[in-house]
Amino acid sequence: MNYLFITTCHQDFYHSFGFTPVRVLGKGLAGDVKLARSRDGSNLTAVKTLNKNSPAASLETIQKLFFTEVDILLNIKHKNIIGNIMAYDCPREYVMTMPYYPSGSLTRHLPNMTTYLIDKYLLQLTSALNYLHSRQLVHRDIKPDNVLISQDGDAILSDFGVACLVTTTSVSIIGRMGTPGYKAPELSDMRIQCFDFYLCDMYSLGVLLFNMVVRHLVSPNTDYLACVQHLLTDIGVYRVILQYLLCKYPQMRWNTTHLHNHLASMPHMASLIHQQFGC
Ligand SMILES: Nc1ncnc2c1ncn2[C@@H]1O[C@H](COP(=O)(O)OP(=O)(O)O)[C@@H](O)[C@H]1O
Ligand SMILES: [Mg+2]
């Protein structure tokens, strides 16, 4: 782990670096994400804090969340994954700063989805996941809240709090993390002990695609496949993709290569693929 890249502060982050909190951007288990402004007003940054003495989690859990997220983010670089992060160990909290995205998360943009935006975000998130998976990393919390939208209108995968390096297929070591409604169904089957964790990310991406297609978040109890097969009539090219990502049987679910190849075979994706990969 790159502990050397974590700066130790003797006061809280705001006093140490002359920043002022402006407003809360999001709240999490043991802290929040705030927009902060530098004293001279020239710099806006997002400040993610994990309180060391939170009643919601033990210090050990907080440390695990923080060090995992920082260690992974400091070691990866992809244009659709949050970058330029800095990490601080302050007396009462762990702090991570990252670029501020004024457009917020994908959740806020769901009502305005167009097929162009769905295609673009899906391609960009497939590329980000392919990058992670090829490095044996899984995100484990893919959902619209954890995708930020940049000023250029690109999807930026963020919140690596429960991401991990896949060292085994055993759930006793890796755990059954995920958000209800986005978590692959096999993770909730206590009889199953070994998983393809990469395909769990693909299921969550399927639910996120479902959110983009219907343009809103849905109840965690939704039977996505039944909706895709019987209820949603006008979902065109997304039906096949949704069926293969939301498939209950992981052995039949698409991985990033299958999904990328499928997207690349769609004639209308050619210009987006050119923009994304320059080929
Ligand atoms: N860099 C950022 N710019 C703008 N908003 C952000 C940024 N990072 C996080 N947020 C907002 O804060 C919310 C929570 O941040 P996240 O990193 O997902 O933390 P948590 O672990 O609490 O879910 C996000 O869903 C998003 O709405
Ligand atoms: Mg989050």
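Miscellaneous remarks
- In summary, the chain shows an alpha-carbon radius of gyration equal to 1.03 times the 2.2 N^0.38 Å reference for compact globular proteins.
- For the chain, the relative contact order works out to 15 percent when only alpha carbon pairs closer than 8 Å and six or more residues apart are counted.
- Long hydrophobic helices in the chain: the complete DSSP H runs spanning 27 Å or more by Cα along their own axis with mean Kyte-Doolittle hydropathy of at least 0.0 are 115-134.
- Label-point separation in nm, Lys77 to Arg215, each point 7 Å along Cα→Cβ: 4.0 nm
- Partner aspartates and glutamates whose Cα lies under 20 Å from the Cα of Lys143, excluding those fewer than 8 positions away in the same chain, are identified as Asp32, Glu69, Asp119, Asp154, Asp159, Glu186, Asp196, Asp201, Asp223.
- Among the trypsin sites (Lys or Arg not before Pro) within the stretch 153-222, those in coil by DSSP and having at most 14 neighbouring Cβ atoms inside 10 Å are Arg191, Arg215.
- Relative contact order of the stretch 171-279: 26 percent, from C-alpha pairs under 8 Å at least 6 residues apart in sequence.
- Working from label points 7 Å from Cα in the Cα-to-Cβ sense, the His230 to Ala264 distance is 3.7 nm.
- Cα-based shape type of the stretch 183-279, given that a ≥ b ≥ c are square roots of the gyration tensor eigenvalues and the cut on a/c is 1.5: oblate
- For the stretch 94-204, the calculated P(r) over all alpha carbon pairs, in 10 Å bins from 0 to the bin holding the longest distance, is 13, 43, 32, 12, 1 percent.
Here, each number is a calculation from the coordinates, and none is a lab measurement. Note that the coordinates shown come from a computational prediction; the quantities given were computed from them, not determined experimentally. No Cβ is skipped: glycine too gets one built from the backbone with ideal geometry, and neighbour counts run over all protein chains shown.
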